[in-house]
Every structure is written in structure tokens, then in C-alpha cells.
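Structure first, commentary second.
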Amino acid sequence: MPPDGPHTMPGMGALSGITVLEFSRVLAGPWCGMTLADLGADVIKLESFDGDDTRGLGPPFLDGMSAYFACCNRNKRSLAIDLRTPASRPLLEALVREADVLVENYRTGGAEALGVGYEAMAAINPRLVYCSISGYGRDGPAAMRPGYDYVVQAEAGLMSITGPADGEPSKVGVAVADLATGQNAATAILAALLQRHRDGRGQRIDVSLFDSQLALLANVAGNALFTGADAPRYGNAHASIVPYQAFRASDGEFVLAVASEKLWIQLCNALGRDDWLRDPRFGNNAARVAHRDALCEALEGVFAGGTIGHWLALFEQAGVPAAPINSVRQALEHPVARARGMRVEIGGIPLVGSPIKLSGTPPRLERPPPKLGEHSDEIAGAFGFDPAALRAAGAIR
């Protein structure tokens, strides 16, 4: 659709002129949609009359909007539509004909039951990039299972390596399986759009929480594949790098990340411990991993003699990576967060900004997260439909 089409948003972005139909809810799909919207796409969020589940997930709420919904739905327009009502079908098909991307995260078979499955949508628009997001993929032995981040963190190995080494497995404090899946979906969509530019054809994308979470195990999974041994839990330490963990100072904890031999030398020099550089137990990273307990015990003895501020100042001067363990509020108030535009407000709603920085087409911050059905009339009217008639027929709200 050209940039002056009936459904584009104001402003220019890298994806201006791209229209996305988002049939998704909760976090993975909306996170994907918001990423595309921030980059300039016109994302139309098609919601049931009950709305996205996260609209009701709270507290906290601000003017009736949940923080959960707000965190992943800015820059979108909301169309409240009943896909089960035949009167909604003409509007739906009009939207699909003009769309570039469709994102859905129904349970397997759910999109087909509603008449918005891949085959039906591709028949209307062969150029459509159709992205399915699910818990376990659209094929395979678990295709029919619902997917939830917490369950997948447990089942795909993340909880087993998270938490104190001598404690219970723990989930990560934020829904990383959902978020990684949303990012993978956005990446796949951009790749499919590039391929469509070459051959003119759309395609189906299949991303899942399980696959995304398993891939996030990265080097830990690599260790298990190399050795055949299961991965232990290291708490705030690292399986393959030492010292790379939290240490306690006289007034609390900080983290230290010595991830190269150069940094190890800088650490020893900063602490006045040249003897460690001559100790064969600590001669390289592999040796330090083998003698992890001895080295970390020695470091803890040193760090107990000074405050967090003292050690952080020393390591900053020495060029050794170290940091305080900030709370969420402290992180949001960090000078870097402010300087990098990561604290924003749109329409009175405070939000975390986009981490994507583009010099020529920066992410847009134009629309606050929409109220349910806020743009139903606008969207229907732009496509030549009578909103009042559709509303009377029970098609939209």
C-alpha cells in the first residue's frame, strides 16, 4: 500500500507503508507488533470484544489501563471485531487484501476455526507474510498444547540453570521466553518482507516459545552438547568464566565481569595482587574455572574490606567491568536510561522507550497504547464501510 493509503499512521519510519494485522494477545505477539509499530509500520490490533487478556492484568492501572498492556501495545490502532459474526467478514477481507503482514498467536487450529488461517488469508492476498506464534510450534508432538512463558521456562531448561546453586530452580523475573519469541517473530517478518521484495511472494512463519527458549540457552546448551553432561546451576556465577559473578562488599553486593586475560591482568594490578598473576592455579581462564572456589574465596576476603562505592570507583579507573545491583526503579532512573531516551511518555502513559536506534528513521513514539476499539470507526470508514451499520450488525464495537 502506498504511504498515503487509508490506513497509514502519521510520520515516517523505516517500515512506513507497511501494514500489520495483529491478531495476538498477552506478550509475545504484541511485543512483535510493537517492535514493527515503533519502526513505522501501521499496526492494527484486531481484538475481540473482551479485548487483549492483559487489559485486565493488574494492578497497577493508570486511568484504567494496565501497565502490562501498556508495555507492549504503543503505536497501534485498536479494532474491536467479532470474527464469528458474518457481517465482519467483508471488512476483514478488505483489511487482508491491503495488509503486508499478519501476526496471530491462537492455539493451533484456532485461526482456522475463525476463518483467519494461513491458507484462507494467503488465498486473499498471496503477498501476505503470515506469522504464527505458539507455545510449541504448529507441528510436532506438542502442537496442540497451549504455551505459557512460565511453563516453557521450566520445560525448555531455563529454570534448571537459574537460581542459587544450592537452592531451588527459579524462573527469570520477566517473561523472557515470550519476549525472545516476539523478537524472533519480528526478525523473521523483516526477513520475509525482504524476500518478498525479491520474488513478490509472501510466506508463512512459525515461531514458538519452546524453540526460542531452547535457543536462548546458547553457550549453556553448547556445553551440554559438547560434554554430554547436564548443566549445573551456578547462581550468580558463570559456568565458563571466572571471576564473573556477584561479590559481597562491606555494605552489600556488586557484580564483577572479568571475561578476558587482559581484564584479569587489570584486575590483579588494581587490587595489588601481582602474586595471582604468577599463581599457576589462576594462569588462564580454564585454570581459574578449575580453581573457582579458591580464587573466589580469596576475592571475597579482599572485597569485604571496602564498600561497593570504593570497589566500583577503583574498577572504573582500572577499566574492569563491574556494577551495582540496581533495583528496577534505580535502573529506570539511571543516567544512561535518560540519556538514551529509554524513559518516555506518550499521551500521559509512562513507558520504556525503544532499544532500537536508527539515525535516519528513528523509532516513532506517536500513539499511546489504544483503548479497546478506539479506532474501530476510523479503520472501518477508511476502507469504505459504514461503522454504524457494522456496529448494528454486531461486527465491530
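What follows draws every value from the coordinates through simple rules; no lab data is involved. Everything quoted here is computed from the prediction, not taken from an experiment. Every residue, glycine among them, receives a Cβ derived from its backbone with ideal geometry; neighbour counts consider all protein chains shown.
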- Message: On a full-extension model of 0.36 nm per residue, what is the gain between Asp251 and Val302, subtracting their alpha-carbon distance, rounded to one decimal in nm?
- Response: 17.0 nm
- Using amide H atoms built 1.01 Å from N in the peptide plane, name the residues 5+ places from Arg343, or on other chains, whose amide H lies under 5 Å from its own. Gly353
- Task: Using only the Cα atoms of the range 92-218, build the gyration tensor, take square roots of its eigenvalues as a ≥ b ≥ c, and label the shape rounded, prolate or oblate: rounded if a/c is under 1.5, else prolate if a/b is larger than b/c, else oblate.
- Result: prolate
- Label-point separation in nm, Met12 to Ala389, each point 7 Å along Cα→Cβ: 3.8
- Task: Tally the DSSP beta bridges in the chain and give the antiparallel ones as a percent, rounded to 5.
- Result: 40
- Query: What nm value, rounded to one decimal, do you get for the distance between Ala237 and Gln183 when each label is placed 7 Å out toward the C-beta?
  - Reply: 2.7
- Note on the structure: the range 1-130: antiparallel bridges as % of DSSP beta bridges, rounded to 5, reads 10
- Summing -39500 (n - 2.57) over every DSSP H run of at least 4 in the chain, dividing by its residue total and rounding to the nearest 500, the 222 nm mean residue ellipticity is -10500 deg cm²/dmol
- Task: Calculate the dipole size of the chain relative to its Cα centre from +1 charges on Lys and Arg beta carbons and -1 charges on Asp and Glu beta carbons; express the result in debye to the nearest 20.
- Result: 480
- What whole number of Å gives the distance from the Cα centroid of the range 183-232 to the Cα centroid of the range 103-179? 12
- Along the range 155-164, what does the Karplus equation 6.51 cos²θ - 1.76 cosθ + 1.60 (θ = phi - 60°) give for ³J(HN,Hα), rounded to whole Hz, x for Gly and Pro? 7, 9, x, 5, 4, 5, 10, 10, x, x
- Per-residue HN-Hα couplings for the range 197-205 [Karplus 6.51, -1.76, 1.60; θ = phi - 60°; Hz; x = Gly/Pro]: 4, 7, 10, x, 10, x, 7, 9, 10
- Taking 0.36 nm per residue of separation and subtracting the Cα-Cα distance, what length does fully extending Ala382 through Ala165 add? 72.3 nm
- To the nearest 0.05, the calculated FRET efficiency linking Thr85 and Lys357 through their beta-carbon distance, R0 being 51 Å, is 0.75
- Note on the structure: Sorted by chain and then number, the residues having a modelled amide H within less than 5 Å of the amide H of Arg127, at least 5 places away or on another chain, are Gly202
- Message: Give me the dipole magnitude in Debye, nearest 20, for the range 1-148 about the Cα centre, with unit charges on the beta carbon: positive for Lys and Arg, negative for Asp and Glu.
- Response: 180
- Find, to one decimal place in angstroms, the Kirkwood hydrodynamic radius of the chain, where the mean of 1/r is taken over every pair of different Cα atoms and then inverted. 23.8
- Item | the range 1-160 shape via C-alpha gyration tensor axes, a/c threshold 1.5 | oblate
- Taking 0.36 nm per residue of separation between Phe61 and Glu261 and subtracting their Cα-Cα distance, the length gained on full extension comes to 67.1 nm
- Note on the structure: With R₀ set to 45 angstrom, the calculated FRET efficiency between the beta-carbons of His310 and Leu225, to the nearest 0.05, is 0.60
- Query: Ordered by residue, what ³J(HN,Hα) values in Hz, to whole numbers, does the range 48-55 give under the Karplus form 6.51 cos²θ - 1.76 cosθ + 1.60, where θ = phi - 60° and Gly and Pro are x?
  - Reply: 5, 5, 7, x, 3, 3, 6, 4
- Query: Tell me, what is the percent relative contact order of the range 264-386, built from C-alpha pairs under 8 Å that lie six or more residues apart?
  - Reply: 13
- Considering amide H positions built from the backbone, and no H for Pro or chain starts, which residues 5 or more places from Glu47, or on another chain, come under 5 Å of its amide H? Leu79, Ala80, Ile81
